[in-house]
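Below is one structure; the comments refer to it alone.
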Amino acid sequence: MSAKPNYLLPVKALSDRCRNLFRQRLAQAAPDALGDISAGVWKQRWVVHSAAVSAVEPALRYLSRYVFKTATGNRALPVQPDGRLRWRYRESATRAWRHVDLEPFELIRRFLQHVLPRGFHRVRRFGWWHPGGRGKLNRVRALLHQSPVLTAAEAAAWQPPTGAGPEPADPQPCTRNPPPLQCARCGGVLVLVERWRPGQRPARRGQDRAPP
């Protein structure tokens, strides 16, 4: 299987390779756990993301913030004379370095707040949570009547709306029947045959259909 000129490896072959290597390592480290996994897991293709980058060093520096580093990064945690640990952090508003001295168990408690629940992924590369999707995020926050997420410069220039008065009440629901939907090609009236809910399988021919 050949790869595109701007790709290091073909994605499908890389997917199979990662799956097989994972199975081999799991069989060596925990053979009992391997027996509990359904055989279908090793037959389907796993999801592996692969994309070309213009420069290697900036890409590695970007990925290291989301994949390699933890909540404390690579910074040391000096032990103070009273037994507390000094945690250095960068303040989001001023970008200045600060520090706080914490008891060991308090440090562990704060650290565990950065551990994602099962099923969540640390790498965010799509949607309004993407670092470049701040505009989408602020539109979502506006629909929820929340203040936008702004940088320090944007926050200094942004002023919340004032004098707008109370929000208008929701209009009364229309009691008239809406006009029928028409086909964009022939202009005929569209007829509702059936609704499918998420996860519902359509009825086969010859079987009774559920009422619309």
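The values are calculated or read from the model by the stated rules, or taken from the named source; none is laboratory data. Predicted model only: the values in this text are computed from it and were never measured. Here the Cβ positions follow ideal geometry from the backbone for every residue, glycine too, while neighbour counts run over all protein chains shown.
For the range 95-147, how many residues are hydroxyl-bearing (Ser, Thr, Tyr) and either under 18 Å from Arg75 (Cα atoms) or modelled with pLDDT of 85 or more (or both)? Break it down into steps so the answer makes sense when it comes.
Taking the range 95-147 as the starting set, the residues that turn out to be hydroxyl-bearing (Ser, Thr, Tyr) are 147.
So of that shortlist, the ones also either under 18 Å from Arg75 (Cα atoms) or modelled with pLDDT of 85 or more (or both) come out as none.
Result for the range 95-147: 0.
Pairs meeting the criteria (first residue in the range 32-60 and touching a residue at least 12 places away in the same chain (Cβ under 8 Å), second residue in a loop (DSSP other than H, G, I, E, B), beta carbons under 6 Å, at least 6 apart or on different chains) are Ala52/Asn6; Ala52/Tyr7.
Taking the residues in the range 74-95 that are in a loop (DSSP other than H, G, I, E, B) and among the hydrophobic types (A, V, I, L, M, F, W, C) as candidates, determine which candidate is nearest to Leu107 (Cα to Cα). Break it down stepwise before answering.
Of all residues in the range 74-95, those in a loop (DSSP other than H, G, I, E, B) come to 74-78, 80-84, 91-95.
Applying the additional criterion that residues be among the hydrophobic types (A, V, I, L, M, F, W, C) yields 76-77, 93.
Details: Ala76: 13, Leu77: 10, Ala93: 22 Å.
If we take residues in the range 74-95 being in a loop (DSSP other than H, G, I, E, B) and among the hydrophobic types (A, V, I, L, M, F, W, C), then Leu77 is nearest to Leu107 (Cα to Cα).
Residues of the range 96-106 being loosely packed, with under 12 Cβ neighbours inside 10 Å and assigned to a loop (DSSP other than H, G, I, E, B), which ones? Please lay out each step first, then the result.
The first filter runs over the range 96-106 and keeps only residues loosely packed, with under 12 Cβ neighbours inside 10 Å, leaving 96-99, 105.
Once the filter is applied, which keeps residues that are loosely packed, with under 12 Cβ neighbours inside 10 Å and assigned to a loop (DSSP other than H, G, I, E, B), the range 96-106 yields only Ala96.
Quick check, is Ala71 of a type in the set (A, V, I, L, M, F, W, C), on the phi < 0 side of the Ramachandran plot and at pLDDT below 85?
yes
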